[in-house]
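Everything on this sheet refers to the single structure shown next.
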Amino acid sequence: MPKIIGLTGGIGSGKTKVTARFLELGIPCYIADDEAKKLMNTSTAIRDAVINEFGEASYENNELNTTFLAAIVFNDSNKLSKLNAIVHPEVAKDFEAWVAIQKTPYVIKEAAILFENGGFEKCNETILITAPKDIRMKRVLARDRSSVEAIEQRMSKQWSDDKKKPLASYVIENIDWEKTLIQIDAIHKKLI
């Protein structure tokens, strides 16, 4: 069974780019948010529970209505908790089945709220990706075409890097990509 390495960081920290580097190094990576979205569209158990909790408008043409759902859960932490209680157990089962078939010394589990939801406790080690808030904001503005207010709201739902750092096995400050690559490769050598 491979070691499970959790990888996380605040919005705009560069988790996706760092994860892509681990993939280049031949390490299987499970992107929890992507897998959750897939499961929300393919699992009848999730679909039935979401419709029961949030209404028929949660799905349109058999596809998850993310705009409708986001408008509900991102403005109400109680509703977000209910959605997470439906989705997270199914994602956890899917992840366990995925890990069981991997043949590498370690795997990466990339999750935006790894520390906030306690998921780090099921990891052997964790990697925290950080970057100054102004850099993260510029990245997200360029990527999402979101408003500053919307990004601030999403950032406010995540723990600060200072709160996450004591829980992380490794911290990568992702400002200069060449320096980030050196850090990733050093961590990879240790984990291999």
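Just so it is clear, none of the values below were taken in a lab; they were calculated from the coordinates. What you see is a predicted model; the values in this text were computed from it and never measured.
What the table shows:
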item	result
The range 41-113 and the range 143-162: distance between their alpha carbon centers, rounded to Å	20
Sequence-distant residues sharing a close amide H with LYS109 (under 5 Å, placed H)	ILE5, GLY6, LEU7, TYR30
0 to 90° range, to nearest 10: angle between helix 44-54 axis and the chain longest Cα axis	60
Karplus (6.51, -1.76, 1.60) ³J(HN,Hα), θ = phi - 60°, over the range 182-192, in Hz, Gly and Pro reported as x	4, 5, 4, 5, 5, 5, 4, 4, 5, 6, 6
In order through the range 129-143: 3J(HN,Hα) via Karplus (6.51 cos²θ - 1.76 cosθ + 1.60), integer Hz, x for Gly, Pro	9, 10, 6, x, 4, 5, 5, 4, 4, 4, 4, 5, 4, 5, 7
Tilt relative to the chain, helix 15-24 - C-alpha long axis, 0 to 90 degrees, to 10	60
Members of LYS82/LYS189; LYS103/LYS157; LYS82/LYS138; LYS37/LYS138; LYS38/LYS164 lying beyond 30 Å, as alpha-carbon distances in this model show	LYS82/LYS189; LYS103/LYS157; LYS82/LYS138
Rg and Dmax [Cα atoms of the range 33-101; Å; Rg one decimal, Dmax integer]	12.1, 38
Binned Cα-Cα distances of the range 39-192, short to long, each 5 Å bin given as a whole percent	1, 7, 14, 16, 17, 18, 14, 9, 3, 1
Estimated vicinal HN-Hα couplings, Hz - the range 105-120 in sequence order (Karplus 6.51, -1.76, 1.60; Gly, Pro = x)	x, 8, 10, 9, 10, 8, 9, 5, 10, 4, 7, 4, 9, x, x, 4
